[in-house]
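Before any comments, here is the structure.
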Amino acid sequence: MAVRTILHYPDPRLREKARPVAEITPAIKQLVDDMAETMYAAPGVGLAATQIGEPHRIFVIDTANEDEPSQLRVFINPEIVQRDGEVTWEEGCLSFPGVVEEIDRASKVRVRAMDREGKVFELDADGLLAVAVQHELDHLEGVLMIDRMGALKKRIVDRKMRRRAETRASAR
Ligand code: NI
């Protein structure tokens, strides 16, 4: 397993649309394991394969609190089959370090996906888990949290992230 580099906005690779996983190969399992390790090292609640420059339809989520045992959930070729209600949640994203903004989402979702072994499952999610599923699924479409912000916040976050990227590039 390896901790991989997480891409930061405005890296254009975050805009790639991820491809469906045709078969659970050892390479796909390795990717899943790397994603989990990268998420825990960050640390973060979720990570999509697109965020490490691997445009496969895979994301991992662990919403357990720090004082609870970890509960890794793997979603391969995920789709939301039902959504209900509305919620506004303060979201963060490993591709937007230091940014926390309120985003509107469905409050409950039913998601269908395959696990790391290729077994199909359905999950009814609410609260943080429902928000995380929608956030990570967006990543697989090349959609980012900034796309769901109002015009003013979008401008502020875009400027902040671009300034940050320039500072990091010139420090190299
Ligand atoms: Ni994210």
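The values are calculated or read from the model by the stated rules, or taken from the named source; none is laboratory data. Keep in mind the model is a prediction, meaning the values are calculated, not measured. Glycine also receives a Cβ, built like all others from the backbone with ideal geometry; neighbour counts cover every protein chain displayed. Side chains are part of the model used for accessible areas, which takes the heavy atoms of the whole protein and leaves out ligands, DNA and RNA. Shrake-Rupley method; radii C 1.70, N 1.55, O 1.52, S 1.80 Å.
Within the range 103-125, is even one residue over 20 Å from residue 31 (Cβ atoms) and without any contact (Cβ under 8 Å) to a residue 12 or more places away in the chain? Among the residues of the range 103-125, not one is over 20 Å from residue 31 (Cβ atoms) and without any contact (Cβ under 8 Å) to a residue 12 or more places away in the chain, which makes the answer no. One residue stands out among those in the range 36-52 that are part of a helix (DSSP H, G or I) and more than 12 Å from the ligand (Cβ to nearest atom): the one that is surrounded by the fewest Cβ atoms within 10 Å (Cβ to Cβ), which is 41. Within the range 51-72, being out of contact with any strand residue (DSSP E or B) (no Cβ under 8 Å at 6 or more places or on another chain) and closer than 20 Å to residue 12 by Cβ holds for 51, 52, 53, 54. Applying the criterion of being away from the ligand (no atom under 16 Å from the Cβ) and open to solvent by less than 80 Å² (accessible area, probe 1.4 Å) to the residues of the range 89-108, the residue that is nearest to residue 56 (Cα to Cα) is 106. Restricting attention to the range 115-172 and to residues that are open to solvent by 40 Å² or more (accessible area, probe 1.4 Å) and in contact with a Gly (Cβ under 9 Å, 6 or more places away or on another chain), the residue that is nearest to residue 85 (Cα to Cα) turns out to be 126.
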